[in-house]
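The values are calculated or read from the model by the stated rules, or taken from the named source; none is laboratory data. Since we're looking at a predicted model, the values are computed, not measured. No Cβ is skipped: glycine too gets one built from the backbone with ideal geometry, and neighbour counts run over all protein chains shown.
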Amino acid sequence: MHKRGQGSVVIPAVAPSSVACVRSLGRRGVGTIAVSESETAPAFASRYCDESHVVPDPTEDVLGYRDALLELATRSDVETIAPIRDEDVWTLSRYRSAFADRVAPLWPSLETLRTVYDRVRLVETAAAADVAVPETRPLDAVDDWGRKAIVKPRYAVVTDEFVDTVSSSTIVHPGSVRYLEPGQEPDRESIREEMGHTPIVQEYVPGEEYALWALYDRGEPVATCQKHQLRGYSYAGNTSIARRTTSIPALERAGRAVLDALDWHGPASVQFVRDAATGEFTLLEVNPRFWVSVSCPIEAGVDFPYYFWQLARGEPVRTSETYETGVATHLLRGEMLYVLSVLREENPIVEPPSLPAAALEIAASTVRQPNFDHLSRDDPRPFVRDARNVASELFSAVVELPASWTAPASRRDQTDDERADARVRR
């Protein structure tokens, strides 16, 4: 049990954002209860983690995961649960009434979440709010393959709410974005089989990625901050592994317009690409939870986890009217994957940077802004734990191990960051 005396927050320990939330709240004296299906979750190792609990994997046992969270939610010291990944927010929203009887439900309703996770409905909602959106059509409706386009799952997560053949006890990630070779018709049947449903085709909008990070309270903004993505897991985009704060009025307007149209409640990240030709912000999607790079706004003076805590307590949220722009943070492991993508990936639409240019860019930005998602002077163990996890996975991947030897349990951030939070430039 924690000894802080202020109450506690349950935090799924599944991503770099988990570590950021644990540190933010722990440094302010708030009790932190980390939960994960992996005993080696980096957040478990934080000096600011008061308790850690191993729970069922929601991708395999949603009901078991729900029950584990509900059991913690019955405790008198637990004020709320932080939605960190899609599995979390889906479970919390689907069983909202059960959780709302025990803790403050600072996440969207299930109906709102259906709109966010159904990318056709989301595009329609954003367009009605006068926000730019990419042309979006079902795979089966496309007969012109001459333009630059991508195929992506229609549903950000696949559950029995969307696809009848999926079990009610599982949550499925339906595959990744596929860049199409202009002029070549893809194998539609294999794509449908891979994704488990009929996906969508969207026009490719060239440009750099941005986001509006926000915390809303019943349709009203509590705090916002803006991101300019420097690098993703891939040179073509994907989840942010290097980003910096920015402030652009048009981005603020577009992000708020989407969240206002959704009557948002809780944390969210609204993802955009800034059209290289027009400068217009075109919607990519909405992450209906805390985002992977939550360390960045905290570093810039916008402490979203603490504001989330204040909302849960019914306390006034005191935010600054301004924040520091140009503040960058990095996921070091992600920077290595970015370099590997330059070396190995082939993309029919996006040209890779040169390897020397990529390496120089990474070196320069980390020297200028030595702020990291896991690495911290006063809390080094999450970084060490994450490094050990990565080393164990690499060793297991390249060495054929004896049948009697079992690698330490670990959970790849690809599950939580790339696959669950995969936000690739359209």
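Could you tell me which numbered condition ASP378 fails, if it satisfies all but one of (1) closer than 19 Å to VAL292 by Cα; (2) in a loop (DSSP other than H, G, I, E, B); (3) modelled with pLDDT of 95 or more?
(1)
Where residues in segment 35-68 are part of a loop (DSSP other than H, G, I, E, B) and among the hydroxyl-bearing types (Ser, Thr, Tyr), which of them is nearest to ARG385 (Cα to Cα)?
Here the answer is THR40.
Can you find a residue that is buried (at least 19 other Cβ atoms within 10 Å of the Cβ) and more than 22 Å from ASP378 (Cα to Cα) anywhere in segment 15-29?
no
Which residues, taken from segment 346-358, are among the hydrophobic types (A, V, I, L, M, F, W, C) and exposed (fewer than 15 other Cβ atoms within 10 Å of the Cβ)?
Within segment 346-358, LEU355, ALA357 qualify.
What residue, of ALA223, ALA254, is crowded, with 18+ Cβ neighbours inside 10 Å, modelled with pLDDT of 95 or more, in a strand (DSSP E or B) and not aromatic (Phe, Trp, Tyr)?
Unique residue meeting the criteria: ALA223.
Out of segment 90-107, which residues are within 21 Å of the chain's Cα centre (by Cα) and farther than 20 Å from THR170 by Cα?
The answer is PRO105, LEU106, TRP107.
Just give me the residues in segment 173-216 being surrounded by 17 or more Cβ atoms within 10 Å (Cβ to Cβ), more than 23 Å from GLU346 (Cα to Cα) and touching a helix residue (DSSP H, G or I) at 6+ places or on another chain (Cβ under 9 Å), in sequence order.
Listed by number, the residues that qualify are HIS173, TYR210, ALA211, LEU212, TRP213, ALA214, LEU215, TYR216.
Suppose the filter is farther than 23 Å from ASP86 by Cβ and modelled with pLDDT under 95; does ARG147 pass it?
Yes: the conditions hold for ARG147.
Considering only residues that are surrounded by 14 or more Cβ atoms within 10 Å (Cβ to Cβ) and either free of Cβ contacts under 8 Å to residues at least 12 places away in the same chain or of a type in the set (S, T, N, Q) (or both), look in segment 292-326 and name the one that is nearest to VAL78 (Cα to Cα).
GLN310
I'm trying to understand the selection: among the residues of segment 326-350, which are in contact with a Phe, Trp or Tyr (Cβ under 8 Å, 6 or more places away or on another chain) and assigned to a helix (DSSP H, G or I)?
LEU332, GLY334, LEU337, TYR338, SER341, VAL342
Give the residue that is nearest to VAL30 (Cα to Cα), with candidates limited to residues of segment 276-325 that are polar (S, T, N, Q) and not in a loop (DSSP other than H, G, I, E, B).
The selected residue is GLN310.
If we scan segment 133-144, do we find a residue that is under 22 Å from the mean Cα position of the chain (by Cα), within 30 Å of ASP88 (Cβ to Cβ) and modelled with pLDDT of 95 or more?
yes
Out of (1) modelled with pLDDT of 95 or more; (2) over 16 Å from the mean Cα position of the chain (by Cα), what's the single condition that is false for ALA242?
Answer for ALA242: the failing condition is (2).
Given the options ARG137, ARG121, name the one that is closer than 30 Å to GLU60 by Cβ and surrounded by fewer than 19 Cβ atoms within 10 Å (Cβ to Cβ).
None of the other options fit; the residue is ARG121.
Tell me which of these SER269 doesn't satisfy, since it passes every other one: (1) in a strand (DSSP E or B); (2) touching a residue at least 60 places away in the same chain (Cβ under 8 Å).
Status for SER269: all satisfied but (2).
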